[in-house]
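Enquirer: Submitted below is the structure of interest, expressed as structure tokens.
The values are calculated or read from the model by the stated rules, or taken from the named source; none is laboratory data. Small disclaimer: the values here were computed from a predicted structure and weren't measured. Cβ sites come from the backbone with ideal geometry, for glycine too, and all protein chains shown count toward neighbours. When the accessible area is computed, the model is the full protein with side chains, heavy atoms only, and any ligands, DNA or RNA have been set aside. Shrake-Rupley method; radii C 1.70, N 1.55, O 1.52, S 1.80 Å.
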Amino acid sequence: MTPECSRVMDRLGEALPPDLAAHVANCQECQVVTGGFEFISGPSPAPTAPASASSDDEDDEDTLPGQFDARRFALETLAKQPKARPWWHGLVLLVGVHAATVGVGLMLLSRDFWVGNAAHSSIVVGVAILILALLGAGTYIALSPHRRVVPWVAVLATSGALGLTVVLTGSGQQGRAFLAGLVGCMGTELAVTVVPLAVTLVLLSRSAFHPVRALAAGLSAGAASLLVLHLHCPDGTASHLLWGHVVPWLGLGGIAVLLRSRMPTSSHAP
């Protein structure tokens, strides 16, 4: 999906400017989306045409290439599933997967005790609450159907602030050798994130690709493993927390965007 496609999604039901109307005429994916939207909610306002456009051009716009295919595709999709499932079903499922991932991860990693973080208990609990808050917010932003713009700056600033908090609130106690601890925590974080990230990508494929939502979803999925490491890992040095916990977590957000951009979209429901 190109940036023009995202602009078309944001303006569904509105009059499209000439440049976006021309893009729709040549983009089969956008034709499917706009055709389905018009079938459900009625025709959208006609796009603004340039003053120099001739009547022949207007006739061409009335019969966009692939318009019939888009309408037929919309009818077939509605016939298969005439009633859409509430969006919050996916939200509940994903939150449940995150909760199960945290619980199972702590049980598998912990032997005699669940919390290995040597920092003060109030700091451990406070940072854990912040991670949980980001986990829930990222999941909601990723799956909520409301057509509001999610700015890159807000997502990056929030994730950066949480990462900095994790690094600065460490206990300072060193566990294993730096390289051994780094490899161990990075591998653990990637392994714990496999299931929630897979479920997240499947749910994201049910709507059009949006890079900011994919990033928020990836950071939310990675937050489950970040929480497990925060509670379990006894190494509280800043260097270990940065390179072993925070950097891999941020990388998982980028991986989610890359994978979702290459996945086909199973539904273009507005």
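Enquirer: Taking the condition assigned by TED's automatic domain parsing to the domain that holds Val104, open to solvent by 60 Å² or more (accessible area, probe 1.4 Å) and at pLDDT below 90, does Pro234 pass?
Expert: Numbers: assigned by TED's automatic domain parsing to the domain that holds Val104: yes; open to solvent by 60 Å² or more (accessible area, probe 1.4 Å): yes; at pLDDT below 90: yes.
Spelling it out, Pro234 is indeed assigned by TED's automatic domain parsing to the domain that holds Val104, open to solvent by 60 Å² or more (accessible area, probe 1.4 Å) and at pLDDT below 90.
Enquirer: Search region 179-195 for residues that are more than 13 Å from Leu241 (Cα to Cα) and pair each with any residue that is among the aliphatic types (A, V, I, L, M) when their beta-carbon atoms are under 6 Å apart and the residues are at least 6 apart or on different chains.
Expert: Val192/Val228; Thr193/Ala221; Thr193/Leu252
Enquirer: Let me ask something else. Quick check: is even one residue across region 251-259 within 18 Å of Leu132 (Cα to Cα), out of contact with any Asp or Glu (no Cβ under 7 Å at 6 or more places or on another chain) and assigned to a helix (DSSP H, G or I)? First the steps, then the outcome.
Expert: Kept after step one, since they are within 18 Å of Leu132 (Cα to Cα), are these residues of region 251-259: 252-253.
Remaining after also requiring out of contact with any Asp or Glu (no Cβ under 7 Å at 6 or more places or on another chain): 252-253.
Among the residues that remain, those that are also assigned to a helix (DSSP H, G or I) are: 252-253.
There is at least one residue in region 251-259 that is within 18 Å of Leu132 (Cα to Cα), out of contact with any Asp or Glu (no Cβ under 7 Å at 6 or more places or on another chain) and assigned to a helix (DSSP H, G or I).
Enquirer: Quick one: is Gly175 farther than 15 Å from Leu258 by Cα and either surrounded by fewer than 21 Cβ atoms within 10 Å (Cβ to Cβ) or not assigned by TED's automatic domain parsing to the domain that holds Val102 (or both)?
Expert: Values: farther than 15 Å from Leu258 by Cα: yes; either surrounded by fewer than 21 Cβ atoms within 10 Å (Cβ to Cβ) or not assigned by TED's automatic domain parsing to the domain that holds Val102 (or both): yes.
In short, yes.
Enquirer: Pairs under 8 Å by beta carbon, first residue in the same structural domain as Leu190 (by TED's automatic domain parsing) in region 96-108, partner open to solvent by 60 Å² or more (accessible area, probe 1.4 Å), six or more apart or different chains?
Expert: Val97/Val195; Thr101/Val195; Leu106/Trp114
Enquirer: From the list Val153, Val167, exactly one residue is in the same structural domain as Leu108 (by TED's automatic domain parsing) and modelled with pLDDT under 90. Which is it?
Expert: Numbers: Val167 fails: modelled with pLDDT under 90.
On inspection, the qualifying residue turns out to be Val153.
Enquirer: Yes or no: Ala118 in the same structural domain as Val194 (by TED's automatic domain parsing) and either over 19 Å from the mean Cα position of the chain (by Cα) or over 21 Å from Leu190 (Cβ atoms) (or both)? Walk me through how you get there before you give the answer.
Expert: Numbers: in the same structural domain as Val194 (by TED's automatic domain parsing): yes; either over 19 Å from the mean Cα position of the chain (by Cα) or over 21 Å from Leu190 (Cβ atoms) (or both): yes.
For Ala118, the condition - in the same structural domain as Val194 (by TED's automatic domain parsing) and either over 19 Å from the mean Cα position of the chain (by Cα) or over 21 Å from Leu190 (Cβ atoms) (or both) - is met.
Enquirer: So for region 196-213 (the condition being over 13 Å from the mean Cα position of the chain (by Cα) and not acidic (Asp, Glu)), does at least one residue qualify?
Expert: Of the residues in region 196-213, the ones over 13 Å from the mean Cα position of the chain (by Cα) are none.
No.
Enquirer: Of the numbered conditions (1) open to solvent by less than 20 Å² (accessible area, probe 1.4 Å); (2) of a type in the set (Gly, Ala, Ser); (3) within 23 Å of Val202 (Cα to Cα), Gly244 satisfies every one except a single condition; which is it?
Expert: (3)
Enquirer: Among the numbered criteria (1) outside any helix (DSSP H, G or I); (2) in contact with a helix residue (DSSP H, G or I) (Cβ under 6 Å, 6 or more places away or on another chain); (3) of a type in the set (Val, Ile, Thr), which single criterion is violated by Thr265?
Expert: (2)
Enquirer: Pull up region 208-218, narrow it to residues that are open to solvent by 10 Å² or more (accessible area, probe 1.4 Å) and assigned to a helix (DSSP H, G or I), then point me to the one that is modelled with the highest pLDDT.
Expert: Start the filter on region 208-218 by keeping residues that are open to solvent by 10 Å² or more (accessible area, probe 1.4 Å), which leaves 208-211, 213, 215.
So of that shortlist, the ones also assigned to a helix (DSSP H, G or I) come out as 211, 213, 215.
On the way: Pro211: 90, Arg213: 88, Leu215: 93.
Selected residue: Leu215.
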